[in-house]
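The values are calculated or read from the model by the stated rules, or taken from the named source; none is laboratory data. Computed from a prediction, not measured in an experiment: that's the story for all the values here. In this analysis, Cβ positions are derived from the backbone assuming ideal geometry, glycine residues included, and neighbour counts consider all displayed protein chains.
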Amino acid sequence: MADTTIKDKYLIKGEPYLYTKEFEWVLQEGDVYIYGISNYAAVELGELAFVELPAVGDTFKEGKSMGIIEALKTVVDFYAPFDCEIVEVHADLEDDASVITEDCYNEGWIVKVKPTGPTDVLITPEDFVKQVEKEIEEGSR
């Protein structure tokens, strides 16, 4: 039986999903991008306890923290994938963050954003797989 690939193990979606170098995904719907953390990030974080969301209308520069995800053992920021404005937040996550680990690519989305600058910083699913492989390799040293 063949080994499970990184793409299969971490449920990495192909196009039209795109990714960030911070292990997050985005999916374009018209002029809005749906945003969440990847399954790889969710697995690494483990059980989630809380999500601190930005407010609708907030603007962020690429790479700046938009909010916080609190897991049982750690707290991490989630970052703007590109210069953007928040147009919708997934408010239900404030009551139940576990949906992110249960279904990160659908019901576990975090925010919807509208770009205020270029989006060409996003990476393809293939490049994201390579990034995860590199992260795993470096983490096992």
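Odds and ends about this structure:
- Residue under evaluation GLU44, criteria (1) in contact (Cβ under 8 Å) with a residue 24 or more places away in the chain; (2) under 19 Å from THR74 (Cβ atoms), criterion not met: (1)
- The requirement of being loosely packed, with under 14 Cβ neighbours inside 10 Å, more than 15 Å from the chain's Cα centre (by Cα), modelled with pLDDT under 95 and of a type outside the set (Val, Ile, Thr) is fulfilled somewhere in region 69-89, by at least one residue.
- Of TYR40, TYR33, TYR79, all but one fail to be hydroxyl-bearing (Ser, Thr, Tyr) and over 22 Å from GLY14 (Cβ atoms); the exception is TYR79.
- Among residues of region 103-141 being assigned to a helix (DSSP H, G or I) and of a type in the set (A, V, I, L, M), the one that is surrounded by the fewest Cβ atoms within 10 Å (Cβ to Cβ) is ILE136.
- For region 103-141, the set of residues classified as without any contact (Cβ under 8 Å) to a residue 60 or more places away in the chain and closer than 21 Å to ILE34 by Cβ consists of ASP103, ASN106, GLU107, THR116, GLY117, PRO118, ASP120, GLU126, listed by residue number.
- Within region 12-58, considering residues that are buried (at least 21 other Cβ atoms within 10 Å of the Cβ) and touching a His at 6+ places or on another chain (Cβ under 9 Å), the one nearest to ASP95 (Cα to Cα): VAL51
- Lone unmet requirement of (1) closer than 25 Å to ASP8 by Cα; (2) of a type in the set (A, V, I, L, M); (3) surrounded by fewer than 19 Cβ atoms within 10 Å (Cβ to Cβ); (4) in contact (Cβ under 8 Å) with a residue 60 or more places away in the chain for ILE100: (3)
- Qualifying residue in region 5-22 (condition: polar (S, T, N, Q), over 12 Å from the mean Cα position of the chain (by Cα) and over 15 Å from GLU133 (Cα atoms)): no
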